[in-house]
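Peer 1: If you scroll down you'll find the structure; I have some questions about it.
The values are calculated or read from the model by the stated rules, or taken from the named source; none is laboratory data. All of these numbers come straight from a predicted model, not from anything done at the bench. All Cβ positions, glycine included, derive from the backbone under ideal geometry; neighbour counts span all protein chains shown. With ligands, DNA and RNA removed, areas are computed over all heavy atoms of the protein, side chains included. Shrake-Rupley method; radii C 1.70, N 1.55, O 1.52, S 1.80 Å.
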Amino acid sequence: MLSKEDLRYEDCEETVQWLLDRIQSPPDIAIICGSGLGLLAETLSNPKTFDYSQIPHFPASTVVGHSGQLVFGTLQDKSCVCMKGRFHVYEGYSLSKVTFPIRVFKLLGVKVLMVTNAAGSLCEKYRPGDLMIIRDHINMPGMAALNPLRGPNDERFGPRFPSLWDTYDRDLRVTALEIARKIGHADLTHEGVYCMVGGPNFESVAEARFLQKLGADAVGMSTAPEVVVAKHCGLRVFGLSLITNRVAQAYEMQESVNHSSVLEVGKQRSQLLQTLITDLVRSIQINREPAA
Ligand SMILES: O=P(O)(O)O[C@@H]1C[C@H](O)[C@@H](CO)O1
Ligand SMILES: Nc1nc2[nH]cnc2c(=O)[nH]1
């Protein structure tokens, strides 16, 4: 059964129509800017910006570093939309609301979703400021039934039982690694597994050890629900984590993390992130279906 918190296909259509009435051309690529990574949106040319508060059915951004704007524009001759700030479960939103923008993007005609986030490192060789191309994820809340696809399945979005085996697009991952090499940052660019936890607290030492043993290389508080919904509705997905801190896995480790330091690393690395995403956008071929 749908709850009051769940948004329906018809709500999505309403939002899509509202946006289509106000933009020049529908986007092909959607980019979600994680904590402190919103500057990417400022590189779009011919921008058309909407505050989330203006957009029908959109929740509000409540987290510092997530300014709460949807920016449409052009990047490398591709029609793009950037989310300056995303919604997190820890803000109190239902998973239906957290992932609503993804379904809006799908109905707007988006083909590729790029997700970025800030994450803590569980892997010995990752340093703050490094990048991790997401190869796969562990959706901790999702495995315990806090899954955005829980409830009645609307086949207009996608199938009841989607497979996630090839979720993070192989070609985009390979291209991103090539770009990192070309721009001289292969040494700080890794490929690994992102684990989503609910937050908002950072991990205890015992939790960090547990996640590392499960096979996670980095941990954060977002992304997996968005990606599950993107895969469900047939979008190509690319994911990139900015490693902002190490997660302490021993009581003797002096690793302290807070949101301000996460944002600070985001600021320091924003240029690198912009370059990588921009070059990746340039490489993407959009196949438009011929008009009927
Ligand atoms: O939106 P992202 O996943 O980048 O945000 C991460 C997780 C928390 O919201 C925040 C912690 O500082 O950064
Ligand atoms: N859960 C979690 N999210 C983060 N976002 C940025 N750093 C971290 C971290 O260490 N843990």
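Peer 1: Given the structure, is V110 more than 24 Å from T244 (Cα to Cα), modelled with pLDDT of 95 or more and of a type in the set (A, V, I, L, M, F, W, C)?
Peer 2: Answer is yes for this residue.
Peer 1: If you don't mind, another one. Of the residues that sit in the range 58-69 and are closer than 24 Å to V281 by Cα and open to solvent by less than 20 Å² (accessible area, probe 1.4 Å), which one is nearest to ligand 2 (Cβ to nearest atom)?
Peer 2: Looking at residues that are closer than 24 Å to V281 by Cα and open to solvent by less than 20 Å² (accessible area, probe 1.4 Å), I get H66.
Peer 1: With the checklist (1) touching a helix residue (DSSP H, G or I) at 6+ places or on another chain (Cβ under 8 Å); (2) in a loop (DSSP other than H, G, I, E, B) in hand, flag the one item I23 doesn't pass.
Peer 2: The number of the failed condition is (1).
Peer 1: Out of everything in the range 90-117 that is farther than 25 Å from E155 by Cβ and buried (at least 22 other Cβ atoms within 10 Å of the Cβ), what residue ends up being nearest to ligand 1 (Cβ to nearest atom)?
Peer 2: Ranking the qualifying residues of the range 90-117, first place goes to N117.
Peer 1: While we're here: Can you tell me how many residues within the range 201-226 are away from ligand 1 (no atom under 12 Å from the Cβ) and among the hydrophobic types (A, V, I, L, M, F, W, C)?
Peer 2: Qualifying residue count, the range 201-226: 7.
Peer 1: Additional query: Output the residue which, of all residues in the range 226-262 that are in contact (Cβ under 8 Å) with a residue 60 or more places away in the chain and over 26 Å from L272 (Cα atoms), is farthest from the chain's Cα centre (by Cα).
Peer 2: Result: Q249.
Peer 1: Go through the range 250-282 and count every residue that is part of a loop (DSSP other than H, G, I, E, B) and either among the β-branched types (V, I, T) or more than 13 Å from ligand 1 (Cβ to nearest atom) (or both).
Peer 2: Number satisfying all stated conditions: 7.
Peer 1: Quickly run through the range 202-227 and pick out the residues that are more than 10 Å from ligand 2 (Cβ to nearest atom), under 19 Å from M132 (Cβ atoms) and either surrounded by fewer than 24 Cβ atoms within 10 Å (Cβ to Cβ) or not charged (D, E, K, R) (or both).
Peer 2: Matches in the range 202-227: Q212, K213, L214, G215, A216, T223, A224, P225, V227.
Peer 1: Now for a different question. Of (1) open to solvent by 20 Å² or more (accessible area, probe 1.4 Å); (2) more than 20 Å from N147 (Cβ to Cβ); (3) more than 10 Å from ligand 1 (Cβ to nearest atom), F72 satisfies all except one. Which?
Peer 2: Checking F72 against (1) open to solvent by 20 Å² or more (accessible area, probe 1.4 Å); (2) more than 20 Å from N147 (Cβ to Cβ); (3) more than 10 Å from ligand 1 (Cβ to nearest atom), the one that fails is (1).
Peer 1: In contact with a helix residue (DSSP H, G or I) (Cβ under 7 Å, 6 or more places away or on another chain) and not basic (K, R): which single residue out of Q249, Q254 fits that description?
Peer 2: None of the other options fit; the residue is Q249.
Peer 1: Can you tell me which of G158, G129, G120, G142 is in contact (Cβ under 8 Å) with a residue 40 or more places away in the chain and surrounded by fewer than 17 Cβ atoms within 10 Å (Cβ to Cβ)?
Peer 2: Being in contact (Cβ under 8 Å) with a residue 40 or more places away in the chain and surrounded by fewer than 17 Cβ atoms within 10 Å (Cβ to Cβ) holds for just one of G158, G129, G120, G142, which is G129.
Peer 1: While we're looking at this one, here's another question. With respect to the numbered conditions (1) part of a loop (DSSP other than H, G, I, E, B); (2) more than 10 Å from ligand 1 (Cβ to nearest atom), which one is the sole condition not fulfilled by S35?
Peer 2: All conditions are met except number (2).
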